[in-house]
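Report on the following structure.
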Amino acid sequence: MNSIAELLNSARQQLLNSDTAQLDVELLLCHCLECERSYLFTWPEKQLSDQHNEHFQKLLERRIAGEPVAHIIAKRDFWDLTLEVNSSTLIPRPDTETLVEQALDYFPSGAAAALDLGTGTGAIALALASEWPSCKLLAVDLNAEAVALAERNRVANNIQNVRFLQSSWFAEIDPGSRFNLIVSNPPYIDPIDPHLQEGDVRFEPLSALIAGDGGMADLKLIVQQAPHYLDSGGYLLLEHGYQQAALVRELLSLQGFVDVASREDIAGHERISFARWP
Ligand SMILES: C[S@@+](CC[C@H](N)C(=O)[O-])C[C@H]1O[C@@H](n2cnc3c(N)ncnc32)[C@H](O)[C@@H]1O
């Protein structure tokens with residue numbers, strides 16, 4: 001019982017705790033066989049060697065123990081890029097593509113200069129750079145390992161127009177720099193949120209997830225400091241928790257931003273808020 005189809009079927013039934021069991025087992029098997037997913041559907045009767053079988057069972061055990069697929073296979077697709085992923089930062093989420101879409105709506109032919117705060121794998125900056133080859137992007141992260149990871153992702157995806165820098169938010173950014181777009185998906189989870197004990201986040205660093213002040217501290221700092229770095233008419237775009245949209249819109253309005261609004265992610269939650277600096 002070791003054809004591709006049988007193996008996938010039995011593995012899926014063992015992954016009781018995953019909402020994406022079928023996809024998980026397909027990705028793990030593709031990793032073992034070094035193949036595309038289409039191969040699995042084209043050759044369902046193909047028998048696996050003992051070596052491949054053994055390798056797959058080891059990966060499956062890690063997934064059954066809760067480890068995210070992206071950590072097991074060390075990569076995750078985001079936008080139309082494949083990004084290396086490790087435990088130094090967040091695994092890029094499909095929800096964050098909503099933020100990229102909003103940025104593209106604001107600047108259909110590209111922003112001139114954009115800044116990504118808390119870049120992690122480089123996901124947002126690299127997606128925007130791939131869409132806007134003539135935009136100059138700067139992307140920062142506090143974590144040196146994340147900065148090195150983002151740089152490897154830049155090279156692997158052959159993207160030229162992003163520079164990565166280690167910085168605590170704006171601290172290392174030249175005070176004379178001006179951007180017409182600032183984007184950020186900062187840590188925003190309340191440190192006492194029970195969701196931190198569930199699913200993939202258990203394997204991600206708290207430095208990428210939690211913020212003081214009930215999760216609002218980093219969002220507040222970014223809203224307060226962004227105006228010093230935005231051109232007149234420039235936009236600030238923030239990802240936040242599904243219960244934080246009203247708070248973030250209030251922060252933006254109080255700070256003097258205009259055209260303040262939010263947008264729903266693919267699950268229908270208001271997870272992105274944005275505004276223009278007048
Ligand atoms: C929620 S993750 C987002 C990662 C990536 N932008 C994404 O959307 O997949 C937040 C990132 O902010 C970084 N971070 C945390 N505190 C920071 C700070 N003070 N300055 C800059 N980056 C920080 C973390 O290291 C982490 O990579």
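Read-outs throughout are calculated quantities, based only on the coordinates presented, and are distinct from any laboratory measurement. Quick caveat, the model's predicted, so the values are computed rather than measured. As a convention, Cβ positions derive from the backbone with ideal geometry for all residues, glycine included, and neighbour counts pool all protein chains shown.
Relative contact order of segment 151-276: 24 percent, from C-alpha pairs under 8 Å at least 6 residues apart in sequence. When segment 87-276 is described by a simple charge dipole with +1 on each Lys and Arg Cβ and -1 on each Asp and Glu Cβ, the residue from 153, 98, 199 located farthest towards its positive end is 153. Here segment 85-164 is treated with +1 on each Lys and Arg Cβ and -1 on each Asp and Glu Cβ, and its dipole about the Cα centre works out to around 280 debye. Ranking 245, 185, 233 by how far each Cα lies toward the positive end of the dipole of segment 87-276 (charges on Cβ) leaves 233 at the top. If only the Cβ of Lys and Arg carry +1 and only the Cβ of Asp and Glu carry -1, the dipole of segment 1-115 around its Cα centre is close to 220 debye. Taken as Cα centroids, segment 241-265 and segment 61-78 sit 33 Å apart, rounded to the nearest whole angstrom. Neighbour counting of Cβ atoms within 10 Å sorts the residues 265, 218, 105, fewest neighbours leading, into 105, 265, 218.
Structure remark: mean-square fluctuation, Gaussian network model of the chain, C-alpha springs under 10 Å; the largest value among 49, 109, 167 belongs to 49.
For the chain, the longest principal axis of the alpha carbon atoms and the long axis of helix 144-156 meet at an angle near 70°. Counting charges near residue 78 (Lys, Arg +1; Asp, Glu -1) among other residues having Cβ under 9 Å from its Cβ returns a value of -1.
When the chain is treated as a Gaussian network with alpha carbon springs shorter than 10 Å, the biggest mean-square fluctuation among 90, 81, 181 belongs to 81. Express the relative contact order of the chain as a whole percentage, based on alpha carbon pairs under 8 Å and six or more residues apart in sequence. That works out to 14 percent. With respect to the chain, whose longest principal axis is taken over its alpha-carbon atoms, helix 21-33 is tilted by about 70°. Look at the dipole of the chain built from charges on Cβ: of 217, 133, 254, the Cα furthest out on the positive end belongs to 133.
Going through segment 1-80, which GluC sites (Glu not before Pro) have at most 16 other Cβ atoms within 10 Å and a DSSP loop state?
When the GluC sites (Glu not before Pro) of segment 1-80 are filtered for loop state and at most 16 Cβ neighbours within 10 Å, 34, 36, 45 remain.
Helix 97-106 and the longest principal axis of the C-alpha atoms of the chain enclose an angle of approximately 40°. Where both bridge residues fall in segment 87-276, DSSP classifies roughly 35% of the beta bridges as antiparallel.
What does the charge dipole of the chain about its Cα centre add up to, to the nearest 20 debye, if the Cβ of each Lys and Arg holds +1 and the Cβ of each Asp and Glu holds -1?
Details: 20 positive and 39 negative charges, 90 e Å.
That gives the chain a dipole magnitude of about 440 debye.
How much mean residue ellipticity at 222 nm does the chain get from its helices, if each DSSP H run of length 4 or more adds -39500 (n - 2.57) and you divide by all residues, to the nearest 500 deg cm²/dmol?
Taking each H run of at least 4 residues, the total per residue is -11000 deg cm²/dmol.
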